[in-house]
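Q: Okay, here's the structure, questions in a sec.
Laboratory data are not the source of any read-out in this text; all were calculated from the coordinates shown. Keep in mind that what you see is a predicted model, and the values were worked out from it rather than measured. Please note: Cβ atoms are built from the backbone with ideal geometry, for glycine as well, and neighbour counts cover all protein chains shown.
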Amino acid sequence: MFQFGGQSRRKTEFFADQAAKNAKNTANPVDVSNPVGSSRRPGFTAGFPIGFKATWIAARQSVVAARDFWTRRIWQFQRQSRAMKRGLALDKVVLLGRTLEEYRRYFALDLESLRGKAVLDVASGVSSFCAEAQGLGLEVMAFDSIYELAGEEIRRRCEPDLDQVIQAVGKLETYRWDFYRSPEVLRGFRERAYRAFLDDYRRGQGIRYLAGNLPNLPFRDERFDLALVSYLLFVYEEQFDYEFHRQSLLEIMRVTRGEARLYPIVSFEASRCRYLDRLREDPALRHLGFEEVETDFEFLVNSNYYLRVFRR
Ligand SMILES: C[S@@+](CC[C@H](N)C(=O)[O-])C[C@H]1O[C@@H](n2cnc3c(N)ncnc32)[C@H](O)[C@@H]1O
């Protein structure tokens, strides 16, 4: 983390240095606005005393130098933190979709037990879970901020994200390839997912694909038996702060009468999300129970757990 607080002494010294340099440079100021032969009174420039102008120039130089100094420090910090990352470095939430088979493994789902139950897939994006579940006669509602867009626009946005991620993950040490075997096979899963999604989206937009933005959900209290969240909360801890996680969890549990399952609970750096323990201790979530349930699926390292949240 960039600790501005820890820099304050050095920052003060830097400003003092600059001021001293500037004072030295302007100790015998050459009054460029008062060339030889000028009719102006010596010691005054444009109506201001020389001392005042010199101070003003020195102050302006200090501000410019300070700005350049801090810009360089921030760039340096950004370069260092990128180099320190060993996992997938993303500057935004990507539009990637998983299949029903992958959801089944992430959340250890028993699909038969979902028959007759209302399931909400939060931040479902271009996943084919809703489409495939519909085909099996299950009742799934998908919710995502992209569902205000037309299918063609969604396709246009998700294809570059897929290229970027597939290129990157093959080289990273934060993935295990037991299940997918290769980036090509992984791409096959993602392509099948978004194609099946787009196909169903044409028929289901506004019906089983509803648009909106977490941390708000447009559903009545206890509308669903089960809510699922795959690859949004916890894993994107860099993009979403603690408050977003807390509000989203409260809202998801408001609309769920059964339980919510969230996967994965590690960040892209493959380390347990730093918000988890704080959420467990948060007085606003005292009415909720949390259980980290182990599964036998692990692609992102340490992602063989989902979080089960239930009402106490
Ligand atoms: C990485 S994708 C995961 C999609 C799907 N759950 C899966 O695992 O295949 C993340 C999704 O979260 C959606 N998203 C990001 N911020 C959101 C928000 N505030 N509210 C609702 N959806 C959001 C994005 O549009 C994107 O479709």
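Q: Using a Förster distance of 51 Å, how high is the FRET efficiency between ARG254 and GLU184, based on the Cβ-Cβ distance and rounded to 0.05?
A: So the FRET efficiency works out to roughly 0.75.
Q: Nearest 20 debye, what's the magnitude of the dipole of the range 247-302 about its Cα centre given +1 on Lys and Arg Cβ and -1 on Asp and Glu Cβ?
A: Its charge dipole is roughly 320 debye.
Q: Now a separate question. When VAL301, VAL140, VAL255 are ordered from fewest to most other Cβ atoms inside 10 Å of their Cβ, what list results?
A: The order, fewest Cβ neighbours first, is VAL301, VAL255, VAL140.
Q: Also, quick follow-up: What does the convex hull of the alpha-carbon atoms of the range 223-312 project to on average, in nm²?
A: Value for the range 223-312: 5.3 nm².
Q: At R0 = 41 Å, how high is the FRET efficiency between GLU291 and ALA168 if r is their beta carbon distance? Nearest 0.05 is fine.
A: 0.80
Q: Rounded to the nearest 0.05, what FRET efficiency do ALA284 and LEU90 give with R0 = 41 Å and r taken as the Cβ-Cβ distance? Could you check?
A: 0.90
Q: Would you calculate the separation in nanometres between label points at ALA150 and GLN239, each defined as 7 Å from the Cα along the Cα-to-beta-carbon direction?
A: Once both label points are built, they end up 2.5 nm from each other.
Q: Give the average over all directions of the projected area of the C-alpha convex hull of the range 100-311, one decimal, in nm².
A: Mean shadow area of the hull around the Cα atoms is 11.0 nm².
Q: What distance in nm lies between label points placed 7 Å from Cα along the C-beta direction at ASP225 and SER113?
A: 1.1
Q: Please state the charge dipole magnitude for the range 100-311, taken about the Cα centre, from unit charges on C-beta atoms (+1 on K and R, -1 on D and E), reported in debye and rounded to the nearest 20.
A: It works out to roughly 380 debye.
Q: Of PHE189, PHE143, how do they rank once you tally other Cβ atoms within 10 Å and put the fewest first?
A: Ascending number of Cβ neighbours within 10 Å: PHE189, PHE143.
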